[in-house]
Amino acid sequence: MREMKRLSAAELDAERRLVEAAQRDPVRFGELYERYVDAIYSFSYHHTGSRQAAEEVTAETFERALKHLPGYRWRGVPYGALLYRIAASVVSRQRRRPPFLELSDAQPAEEPGPEEAWLSADSGRTLRSALARLPDDQRTVILLRFEGGMRNAEIARLIGRSEGAVKALTFRAITALRGTLSREVVR
Amino acid sequence: MSRSAEDRLARALDRVQSGGPAAVAGDDLEILELLETGGYLRENLVRVPAPGAFRRELGDWLARPRPAPWWRELMGPLRRRVPVSARRPVLGAAIGLGAVAAIALGVVALRRRQAAGAPL
């Protein structure tokens, strides 16, 4: 699994310079986009369980990030943290709308990709269904921890909750997942 | 003081995430079972990259030039003089409020002058 790369001090400084360059010249935003688009798409895909919804969430996330780029203030954390925060808020807002239309098996996606492989695998289907049963906040924490590779303190800052709350959400989510996924599947 | 199960799980997950051992002395059965589920998640929650066509389309759309808002054009020279690191929202708010207060005072003074000069 490829987690969000932990940046060294030098890489973090380079990213700060890139963000400032993008603030002066929006064309440079493309470099930030290329750096984070897969991470945000993947987070959105696992969160919503739908390719169409993931595309909508990803597009809105980057559109909002670009719009607010001039007012963005660097706080010493990777720019990806802001993108995950926007994506989580977009997903949460989308959830309150009518459910997404899923592509049926009769309408194959035009470009078969890794997500089809993940979906068609038994483990992918089982995990997707187990994740779908979690409450939104628990699913967000699980995805940020296991897919984004973040620690509790980072997740807490990102979702605006205390570290204790994140620990509790993680504990409840993993306990629920353990119950949903059979012991055979986990082993 | 014994740690709560939530704390113990958080520490164990951090340890495994840092490349440490999956189990150490002191991990109880409850934590070991949850770590096992965590391991399953880590293994199966694969990164799903954005489809190529979507990625290109969105990238192109984001790269399209957008006209800056009119007020940003006006603020341009000022923003260039003040580096990003030296900008203070409090200072900006104070300047903005000061400008609003000055305009309000000007309007009041103008009305008073008009009222004083108006024929009875």
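The values are calculated or read from the model by the stated rules, or taken from the named source; none is laboratory data. What you see is a predicted model, and the numbers here were worked out from it, not measured in a lab. Here the Cβ positions follow ideal geometry from the backbone for every residue, glycine too, while neighbour counts run over all protein chains shown.
As a summary of the residue check, residue A:32 satisfies the conditions (1) surrounded by 15 or more Cβ atoms within 10 Å (Cβ to Cβ); (2) more than 11 Å from chain B (Cβ to nearest Cβ) except for the one numbered (2).
Residues that are within 22 Å of residue A:181 (Cα to Cα) and within 34 Å of the chain's Cα centre (by Cα) are absent from region B:18-30.
Within region B:1-28, being modelled with pLDDT of 85 or more and either at positive phi or not polar (S, T, N, Q) (or both) holds for B:5, B:6, B:7, B:8, B:9, B:10, B:11, B:12, B:13, B:14, B:15, B:16.
Of all residues in region A:130-141, one or more are within 19 Å of the chain's Cα centre (by Cα), at the interface with chain B (Cβ under 9 Å from one of its Cβ atoms) and at pLDDT 90 or above. In this structure, is residue A:119 modelled with pLDDT of 75 or more, over 24 Å from residue B:18 (Cα atoms) and within 11 Å of chain B (Cβ to nearest Cβ)? No. Residue A:50 passes every criterion in (1) more than 10 Å from chain B (Cβ to nearest Cβ); (2) out of contact with any Phe, Trp or Tyr (no Cβ under 7 Å at 6 or more places or on another chain); (3) under 30 Å from residue A:128 (Cβ atoms) apart from (2).
Among the residues of region B:13-41, those identified as closer than 18 Å to residue A:127 by Cα and either crowded, with 19+ Cβ neighbours inside 10 Å or touching a strand residue (DSSP E or B) at 6+ places or on another chain (Cβ under 7 Å) (or both) are B:34, B:35, B:37, B:38, B:40, B:41. Scanning region A:150-173 for residues that are among the hydrophobic types (A, V, I, L, M, F, W, C) and in a helix (DSSP H, G or I) gives A:153, A:155, A:156, A:158, A:159, A:165, A:166, A:168, A:169, A:171, A:173. When region A:35-46 is filtered for residues that are within 9 Å of another protein chain (Cβ to nearest Cβ) and of a type in the set (D, E, K, R), only A:38 remains.
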